[in-house]
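Notes follow once the structure below has been shown.
The values are calculated or read from the model by the stated rules, or taken from the named source; none is laboratory data. Quick caveat, the model's predicted, so the values are computed rather than measured. With ideal geometry, Cβ positions are generated from the backbone for all residues, glycine too; neighbour counts draw on all protein chains shown.
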């Protein structure tokens, strides 16, 4: 427990009178994600500056403004840095807001953090009632008092209403299915009257069509359901104490949304309910990835977050002067006369800018020095960065203490972590992430790195690093320092989605092209939002394509047969199993016959063999052994015909090994009494009218059929003879 | 002491977060805070006035820095400083009147008076002389003729003078008396600020006549009281209220006016020009009145003023004395505007697809300024709690309220 100062226990009395409980908040000062790597290896995410103020400053200022009286700051990674920051900041001695820190190094997810809070709760009972759950990277100016009141009243009426989450309208891009904040498109279903959350689903990339599956029972139990895809989850939740115990009970809940919300929605036994609250006029957003870092920065500069804007001192920051076109400038910034500072730019204290510099849409921190003829566009330069003459920086993030030597170029999407040095005239390729620390090699060590006790950790890495640096010449030019991180496999395509850089034009064109292609197949128009009545029939329920089902069924049967052969299971049992499958997939016994035969033949083909005769031997042995199983399903003529058709199909499949053996195996099946002559003859009759191409096998076994016909005639005669004998 | 400190911190915090709005409320809070600062300030035996001034200035600087846009804070701080200086002066003069002997230190003062002085001059004369050298004589002081009047401005040269004199005066009684008098003066200021609406409203009957049409924009408590006062005096007139986009405070004003039985019509801001020909007088409330007679008011006011000028309609500005700002708007530091959140203009959700997707295409920008500046030549009349004034007279009025030393804090 670091520094639990009772700094400002004096809470204004009238606030106390208004509400019986203290308004409390839990602030998760760790995102439990790795999206801000490599920057977060050296500094916790909540302390990263956004428009020159650490993110947590925005969150705390907003919580204070919204009337929260006590905040528990939950620190995980780099806890010491966070506590140090808070101790130095005004927040520890704030008259209206008591800030307490909670340290835990074991927690690796939001779920763990809340479980830890719950354990603490047993000892100290810090959380007295409903609380606000936010993460330390939230930028908002929404009023909370009404929302908390609403939640409390609802809770009084309905014990099960344990959480209210704030949502905000934000249209997602029709092309990339991605919100402004770079998160995946969100589908939610809400009861329009009670605002109860019924369904929550984040659209994944493999699902670009924008379809959503709702449970039928949802429509049965609710007279109307509002499904929308233009909502953004603000990750601001008003929770009742039950939420903590729910996390304790369900130890596998890790993620607040993916596990907890979905878990609560699915669970009918406890019957807990989650409600939504749509905010309209105020702003709320969470900085989840580099894209949202860019977007939220722009929103702050555009003053959507008022009064948390750079020209107001809201969190111990020195206010900047706001000029025309949204240019914020520190009063002591030194600008050359020929420097051109364009719209929506921020220039921090003590920054020097040389001749002919062009700055547009960028944020430049405190104490930077920028040489002459530098171009900076859409970039975020943090504090004490040195940029030498003639550099070009576009859509990049440059952390504290970086040196960019003359003539270097940063291509869009580059992230330079702390103290990196970019060599002279070096071109840093697009989307690369550069750090003085080497990229953790495996995923496991990866986890440890970020969540290890980082106070000593960072120093260790750095000392170890110096050794490595000498052995390996820098990847950033001869006079540079830093490692370019490899992009993780699979994530390469995604890189543009979450980067600070705007989506490149060719990528957009590609997506547009893809969508156009899709449009020719079928229309994929999804209305942004619409109300569905329960009698509407347009809902895509669990009904799947029957063809798909047959494939699955066939595979299952194949697996079963294979297992039966390997483990030498009794025929009865296998029959039982296949029957079970038949019922569960809603198949007919003809399908079973086909599938069983298919799997038997497949087994024969898969068994190693050198020649056709060997293959025949294999097939013969299998058929002989398992004819009973097959026999169970081929009791009717139709089923037998199905088997022959299946066989024919198989013969046509590559590698066509079975083709030449068609007649032989057919004969074998006849001999073993699996197939009756009627079936074969009927099949022959059916095929007689087919195309020439289809008749290949019919011709192959012409003689056999001829023989069959004769035999049957003979038999008939025999029968007659026998009858005569009687 | 920590009590005052935390009170200051809390108020600073409120100002910073823009939690407190409206110049009257801000002014009142500020003056009440300053009163408690003064009453808690320990005064040394020597230099009491300077100690008080320092304390008030220190707090004042914090407050002004917290929200430089709210000029009323600075105004009130300067008023309080002025009161301290003035009380100090009157005390010294009173003390000196009781003394037959003059200290040699008076000579410094006389030197300052550029040769007017004689060795055996009364303090009152000294003060009057100081005043006459540093300021043009005001009509008021000329008419009153008595230099002891409360409106006597005071300058630093006299401050130095009082310091030295206080040594010879009866220290203990003086100390108590100064603080007491200052608090008394601040109390008067509080009363003045809270009573300014009534003072202004009393004059309504002289300005609003039967069957007139009055136009106003946005919402101002002063304007509301003014109109209602005229209504109470059985004047019948009509009011047009321009709604004051984007905050639409005009709607609230219209509601209040109707509740009080006035004939009210709401128009859009953009309809002001169309309606102005039917209007007999435009009355608006100011955010601040600058020393040159220019007005900072709610956004859209300049347009209304131009329309009034075009149609020769009197443009009347109501302002309590706490809104009189001793600064000139040439200074970019002073002509501040507050850009508020664009969400007052348009809905973020609806427009979220135009607000930069990272697609690099042009994105929508929204600017939402709070204030407008009306140059003095468009203003016909100011009505303050002391009566009606010409824009060109504002500098004079301001000189009566503020001491020249406090202009830069």
So which residues in the stretch B:4-28 are touching a helix residue (DSSP H, G or I) at 6+ places or on another chain (Cβ under 7 Å) and either within 14 Å of chain A (Cβ to nearest Cβ) or surrounded by fewer than 18 Cβ atoms within 10 Å (Cβ to Cβ) (or both), if there are any at all? B:4, B:7, B:8, B:11, B:12, B:15, B:16, B:17, B:20
Could you check the stretch B:371-409 and list, in sequence order, the residues that are more than 23 Å from residue B:82 (Cα to Cα) and part of a loop (DSSP other than H, G, I, E, B)? B:375, B:379, B:380, B:390
Mind counting the residues in the stretch A:390-432 that are farther than 23 Å from residue A:366 by Cα and part of a strand (DSSP E or B)? 2
Cross-chain or 6+ apart pairs with Cβ under 9 Å, the stretch A:499-515 first and more than 12 Å from chain B (Cβ to nearest Cβ), then surrounded by 12 or more Cβ atoms within 10 Å (Cβ to Cβ): A:514/A:208; A:515/A:174; A:515/A:175; A:515/A:208; A:515/A:524
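Is it true that residue A:185 is within 24 Å of residue A:255 (Cα to Cα) and surrounded by fewer than 22 Cβ atoms within 10 Å (Cβ to Cβ)? Can you show your working first?
Numbers: within 24 Å of residue A:255 (Cα to Cα): yes; surrounded by fewer than 22 Cβ atoms within 10 Å (Cβ to Cβ): no.
Considered against the rule, which asks whether it is within 24 Å of residue A:255 (Cα to Cα) and surrounded by fewer than 22 Cβ atoms within 10 Å (Cβ to Cβ), residue A:185 comes out as no.
Kindly indicate whether residue A:181 is in a loop (DSSP other than H, G, I, E, B), within 20 Å of the chain's Cα centre (by Cα), at pLDDT 80 or above and on the phi < 0 side of the Ramachandran plot.
Details: in a loop (DSSP other than H, G, I, E, B): yes; within 20 Å of the chain's Cα centre (by Cα): yes; at pLDDT 80 or above: yes; on the phi < 0 side of the Ramachandran plot: yes.
Yes, satisfied.
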Residues satisfying the stated conditions in the stretch A:214-230, i.e. touching a helix residue (DSSP H, G or I) at 6+ places or on another chain (Cβ under 9 Å) and within 14 Å of chain B (Cβ to nearest Cβ): A:230
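Would you please name the residue that is modelled with the lowest pLDDT, looking only at residues in the stretch B:317-345 that are within 10 Å of another protein chain (Cβ to nearest Cβ) and part of a loop (DSSP other than H, G, I, E, B)? Outline the logic, then answer.
Taking the stretch B:317-345 as the starting set, the residues that turn out to be within 10 Å of another protein chain (Cβ to nearest Cβ) are B:332-333, B:336-344.
With part of a loop (DSSP other than H, G, I, E, B) added as a condition, the list becomes B:332-333, B:336-338, B:340-341.
Details: B:332: 65, B:333: 61, B:336: 69, B:337: 82, B:338: 84, B:340: 87, B:341: 89.
Step by step, filter the stretch B:317-345, then rank; the result is B:333.
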Residue by residue through the stretch A:275-284, note down the ones that are away from every other protein chain (no Cβ under 11 Å) and either out of contact with any helix residue (DSSP H, G or I) (no Cβ under 8 Å at 6 or more places or on another chain) or surrounded by 23 or more Cβ atoms within 10 Å (Cβ to Cβ) (or both). A:276
Taking the stretch B:215-248 and keeping only residues that are touching a strand residue (DSSP E or B) at 6+ places or on another chain (Cβ under 8 Å), outside any loop (DSSP other than H, G, I, E, B) and closer than 24 Å to residue B:309 by Cα, one is left with B:215, B:216, B:217, B:222, B:223, B:226, B:227, B:238, B:239, B:240, B:241, B:242
Given the criteria modelled with pLDDT under 85, within 14 Å of chain A (Cβ to nearest Cβ), in contact with a strand residue (DSSP E or B) (Cβ under 6 Å, 6 or more places away or on another chain) and surrounded by 17 or more Cβ atoms within 10 Å (Cβ to Cβ), does residue B:358 qualify? no
In the stretch A:104-129, anything touching a strand residue (DSSP E or B) at 6+ places or on another chain (Cβ under 9 Å) and either farther than 21 Å from residue A:34 by Cβ or within 14 Å of chain B (Cβ to nearest Cβ) (or both) is listed as A:117, A:120, A:126, A:127, A:128, A:129
Residue hits (the stretch A:334-349; at pLDDT 90 or above and either in contact with a helix residue (DSSP H, G or I) (Cβ under 7 Å, 6 or more places away or on another chain) or more than 17 Å from residue A:361 (Cα to Cα) (or both)) are A:334, A:336, A:337, A:338, A:346, A:349
Which ranges mark the helices (runs of 4 or more DSSP H) fully within the stretch A:1-116 that have 1 or more residues being at pLDDT 90 or above? A:55-65, A:79-88
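Looking at the stretch A:130-137, is at least one residue closer than 28 Å to residue B:15 by Cβ and within 14 Å of chain B (Cβ to nearest Cβ)?
Keep residues of the stretch A:130-137 that are closer than 28 Å to residue B:15 by Cβ, which gives A:132, A:134, A:136-137.
In the following step, the residues that additionally are within 14 Å of chain B (Cβ to nearest Cβ) were identified as none.
No - not one qualifying residue is present in the stretch A:130-137.
Please enumerate the residues belonging to the stretch A:684-711 that are part of a helix (DSSP H, G or I) and at pLDDT below 70. Spell out how you get there, then give the answer.
So the first thing to find is which residues in the stretch A:684-711 are part of a helix (DSSP H, G or I), and the list is A:684-688, A:693-700, A:702-711.
Result: A:693, A:694.
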Does at least one position in the stretch B:69-81 carry a residue that is under 30 Å from residue B:199 (Cβ atoms), within 14 Å of another protein chain (Cβ to nearest Cβ), touching a residue at least 24 places away in the same chain (Cβ under 8 Å) and out of contact with any strand residue (DSSP E or B) (no Cβ under 7 Å at 6 or more places or on another chain)? yes
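Per-residue answers, yes or no, for (1) free of Cβ contacts under 8 Å to residues at least 12 places away in the same chain; (2) assigned to a strand (DSSP E or B); (3) surrounded by fewer than 21 Cβ atoms within 10 Å (Cβ to Cβ):
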| residue | (1), (2), (3) |
| --- | --- |
| A:156 | yes, no, yes |
| A:167 | no, yes, no |
| A:171 | no, no, no |
| A:174 | yes, no, yes |
| A:193 | no, no, yes |
Report yes if some residue within the stretch A:251-258 is within 14 Å of another protein chain (Cβ to nearest Cβ), surrounded by fewer than 18 Cβ atoms within 10 Å (Cβ to Cβ) and either under 30 Å from residue A:51 (Cα atoms) or modelled with pLDDT of 85 or more (or both); otherwise report no. no
Only one of these is farther than 30 Å from residue B:337 by Cβ and either within 13 Å of another protein chain (Cβ to nearest Cβ) or in contact (Cβ under 8 Å) with a residue 40 or more places away in the chain (or both): B:38, B:53. Name it. B:38
